[in-house]
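Note sheet for the following structure.
The values are calculated or read from the model by the stated rules, or taken from the named source; none is laboratory data. Values in this document were obtained by computation on a predicted structure and should not be read as measured data. Note: ideal-geometry Cβ built from the backbone for every residue, glycine included; neighbour counts use all protein chains shown.
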Amino acid sequence: MMQKHLVFIINPKSGVERQKEIKQGIDAHLDKQRFSYEIVHTEFAKHGTKLAREAARNGAYAVVAVGGDGSVNDIAQGLTGTDTILAIIPKGSGNGMARTIGIPLQVADAIRTINNDKIVNVDLGYANDRLFISNAGVAFDALISKKFAKSERRGLMVYSWLVTKHMWLYKSWDWEITIDGKPIREKAFMINVANGQQFGYNFKIAPMASYTDGLLDLIIVRRFPKILGGVIALRAMNGSIAASPYVQHFRGKEITISHPSLRLMQTDGDAHACESSIKFTVQPGALRVIVP
């Protein structure tokens, strides 16, 4: 039987111990009769996209993203339009996509998932021309993404502290939104366009979202009394955020969000400069992914 070739892409910033853990996990748990493999390392920002594209060009069966949503996003960009499959070993801080589709957080279990070789075609979202897998947003979550990226420490505690600190200072804007041609005006604290269900850490901003429905979910968190911030966060953790009186939910294939002062957005947790209007679209079934 001919082996299927896997290319594992690892960010060396993850540390020597983590790289050792991945190598030991592969050696102990990957089905070597069915799969051959190589490990490559990223050396600079967005290098994962280039490495994934090269792997696809060289006929790799799958590229394994070892990292969080940012790493998965980079590698997915390199795989779009190819026949090469995406697999994930979740090693980021939030791991939103992996948690949404049920990929285990333990290395050994994630590798066993690859062995099972079950493939699903998932949708991809685009914010203008910028790809996102899990979600993209403007307003408060874009600010937090920017602050979190600058933080030297990672993890849920740091994320929670940033949210709590900036929530009290943040002012809602009046936004112009269009969903499949239908206009909405709303004073919003946060607007998120979701392809997947969560930011990570099981913080489910769109618990009703599906990677395979060909639609984007729009979550608008309207201006709310700041004292209720903890209640809204709790709803996100238990999957009931859409039931909040301060949250609106819509679905569509094409969403435009505009504000004259808009300059910052986030895609899969990475903050970017942007123009005053962003068009969000979905590409159904555009990426093949190994799932449990």
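Please state which of the following conditions Phe199 fails to meet, knowing it meets all the rest: (1) modelled with pLDDT of 90 or more; (2) closer than 30 Å to Val63 by Cα; (3) not polar (S, T, N, Q). The number of the failed condition is (1). Of all residues in the stretch 20-52, those satisfying the criterion of being under 25 Å from the mean Cα position of the chain (by Cα) and polar (S, T, N, Q) are Thr42, Thr49. Within the stretch 111-137, the set of residues being farther than 18 Å from Leu287 by Cβ and of a type in the set (Gly, Ala, Ser) comprises Gly137 only. Among the residues of the stretch 13-57, those that are assigned to a loop (DSSP other than H, G, I, E, B) and either aliphatic (A, V, I, L, M) or without any contact (Cβ under 8 Å) to a residue 40 or more places away in the chain (or both) comprise Gly15, Leu30, Lys32, Gln33, Thr42, Glu43, Phe44, Ala45, Lys46. Filtering the stretch 220-232 to residues that are without any contact (Cβ under 8 Å) to a residue 40 or more places away in the chain and closer than 16 Å to Phe203 by Cα leaves Gly230, Val231, Ile232.
You will find that of Ser210, Ser244, the residue that is in the same structural domain as Ala142 (by TED's automatic domain parsing) and within 20 Å of the chain's Cα centre (by Cα) is Ser210 and no other. Any residue at all in the stretch 98-105 that is outside the structural domain of Ser134 (by TED's automatic domain parsing), free of Cβ contacts under 8 Å to residues at least 12 places away in the same chain, within 15 Å of Val122 (Cβ to Cβ) and in a loop (DSSP other than H, G, I, E, B)? The answer is no; no qualifying residue exists. His259 passes every criterion in (1) in contact with a strand residue (DSSP E or B) (Cβ under 7 Å, 6 or more places away or on another chain); (2) under 30 Å from Gly285 (Cβ atoms) apart from (2).
All conditions in (1) closer than 29 Å to Ile111 by Cβ; (2) among the β-branched types (Val, Ile, Thr); (3) not in a strand (DSSP E or B) hold for Ile290, with the sole exception of (3).
Scanning the stretch 273-287 for residues that are in a strand (DSSP E or B) and either polar (S, T, N, Q) or buried (at least 18 other Cβ atoms within 10 Å of the Cβ) (or both) yields Ser277, Ile278, Phe280, Thr281, Val282, Gln283, Leu287. Restricting Asp217, Asp270 to residues that are within 16 Å of Leu143 (Cβ to Cβ), buried (at least 16 other Cβ atoms within 10 Å of the Cβ) and touching a residue at least 12 places away in the same chain (Cβ under 8 Å) narrows the list to Asp270.
Look at the stretch 1-12: where a residue is without any contact (Cβ under 8 Å) to a residue 60 or more places away in the chain and within 12 Å of Val63 (Cβ to Cβ) and a partner is hydroxyl-bearing (Ser, Thr, Tyr) and surrounded by fewer than 17 Cβ atoms within 10 Å (Cβ to Cβ), sitting 6+ places away or on another chain with Cβ atoms under 7 Å, you get His5/Ser36. Counting only residues that are out of contact with any Ser or Thr (no Cβ under 9 Å at 6 or more places or on another chain) and small (Gly, Ala, Ser), the stretch 272-289 holds 1 of them. One residue stands out in the stretch 104-151 among those that are under 24 Å from Arg18 (Cα atoms) and among the β-branched types (Val, Ile, Thr): the one that is surrounded by the most Cβ atoms within 10 Å (Cβ to Cβ), namely Ile114. The set of residues in the stretch 256-272 that are outside any loop (DSSP other than H, G, I, E, B) and under 18 Å from the mean Cα position of the chain (by Cα) comprises Leu264, Met265, Gln266, Thr267, Asp270, Ala271, His272. For the structure I just gave you, tell me whether Phe224 is crowded, with 16+ Cβ neighbours inside 10 Å, aromatic (Phe, Trp, Tyr) and at pLDDT 95 or above. Spelling it out, it is not the case that Phe224 is crowded, with 16+ Cβ neighbours inside 10 Å, aromatic (Phe, Trp, Tyr) and at pLDDT 95 or above.
Evaluate the stretch 186-204: report whether one residue or more is in contact with a Leu (Cβ under 6 Å, 6 or more places away or on another chain) and at positive phi. Checked against the condition, which is being in contact with a Leu (Cβ under 6 Å, 6 or more places away or on another chain) and at positive phi, the stretch 186-204 yields at least one hit.
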